[in-house]
1. Select from the range 145-159 the residues that are open to solvent by less than 20 Å² (accessible area, probe 1.4 Å) and in a helix (DSSP H, G or I) and list them in ascending order.
2. For residue 229, are the conditions met, namely being in contact with a Pro (Cβ under 8 Å, 6 or more places away or on another chain), closer than 23 Å to residue 132 by Cβ and touching a residue at least 40 places away in the same chain (Cβ under 8 Å)?
3. Any residue in the range 7-31 that's of a type in the set (Phe, Trp, Tyr): show its pairings with residues that are in a helix (DSSP H, G or I) at Cβ separation under 8 Å, as long as the two are six or more apart or on different chains.
4. Of all residues in the range 1-32, which are among the aliphatic types (A, V, I, L, M) and within 15 Å of the ligand (Cβ to nearest atom)?
5. How about the range 132-176: which of its residues are among the acidic types (Asp, Glu) and closer than 20 Å to residue 231 by Cβ?
Amino acid sequence: MALRKLVAGNWKMNGTRAKLAELDGIVSAADAAPGVDVAICPPFTLIDAAVAAAPSLPIGAQDCHHAVQGAHTGCVSAEMIVDLGARYVILGHSERRTDQHETDRDARGKALAAFAAGLTAIICVGETGAQRDAGRAGIVVAGQLEGSIPATGTAANLVIAYEPVWAIGSGRTPSLAEVKEMHGLIRAKLEAILGIEGAGVRILYGGSVNPGNAAELLAVPDVDGALVGGASLTAAQFVPIIEAAAAL
Ligand code: PGA
């Protein structure tokens, strides 16, 4: 089943208000691609201004807390993100798993909070280079899916991003055959965990997606979009990726 593609940009810890000028070109490209969903996930500090600058463009956050509110200095709840007009939240990104020691269980708790607030959670999974070299990529990713996906996940409130850790920011990507194999495994796992809903959950590929490789990656079966880091920071790089999705 071909699902509607989602091309999401993860700005990570990049951008001050001047960066929002990039949204003009991204909005134009999104408007010209009605068959594709486009989203930008800027830092928390830019969400409010991004929603104001680009009201038609779905905006997302890059993390949320599992609790609704309370004594959690420096943290941001899903409800606060919704309050700004954002619609997505990236959870369990490998940089947070490394830098903030987040676990599958953390990602699951945050996803439940996101669902309760009405956000769509983009849960990230992916093996390290050492795990792939050891032939364990499939087992690692299957375990991450089992540990992080709530049973209440649906095609509407959940997106999975397969991001091999060794491909993020490295300029290296898995072969198309490796992407196909892993996305097929993820699809089967989603259907095992979520039943029929699992067939409709979009599976994004992420890790060094750029204008040169987007078309071939997006054409792989069960690749339902892309989560783009570095190449989402400028309209010049991100727009061709949106166009590649629209051309399929
Ligand atoms: P990259 O990052 O596109 O810069 O490799 C992707 C990601 O971490 O989401």
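The values are calculated or read from the model by the stated rules, or taken from the named source; none is laboratory data. Quick caveat: nothing in here was measured; it's all calculated off a predicted structure. We place every Cβ from the backbone using ideal geometry, glycine too, and count neighbours over all the protein chains shown. These accessible areas exclude ligands, DNA and RNA; they are computed on the full protein's heavy atoms, side chains included. Shrake-Rupley method; radii C 1.70, N 1.55, O 1.52, S 1.80 Å.
1. 145, 148
2. no
3. Filtered contacts from the range 7-31: 11/19; 11/46; 11/232.
4. Once the filter is applied, which keeps residues that are among the aliphatic types (A, V, I, L, M) and within 15 Å of the ligand (Cβ to nearest atom), the range 1-32 yields 6, 7, 8, 13.
5. 163
Yes/no matrix, rows are residues, columns are (1) without any contact (Cβ under 8 Å) to a residue 60 or more places away in the chain; (2) within 11 Å of the ligand (Cβ to nearest atom); (3) in contact with a Cys (Cβ under 7 Å, 6 or more places away or on another chain); (4) over 30 Å from residue 23 (Cα atoms):
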residue: 142; (1), (2), (3), (4): yes, no, no, yes
residue: 150; (1), (2), (3), (4): yes, no, no, yes
residue: 161; (1), (2), (3), (4): no, yes, yes, no
residue: 173; (1), (2), (3), (4): yes, yes, no, no
residue: 221; (1), (2), (3), (4): yes, no, no, no
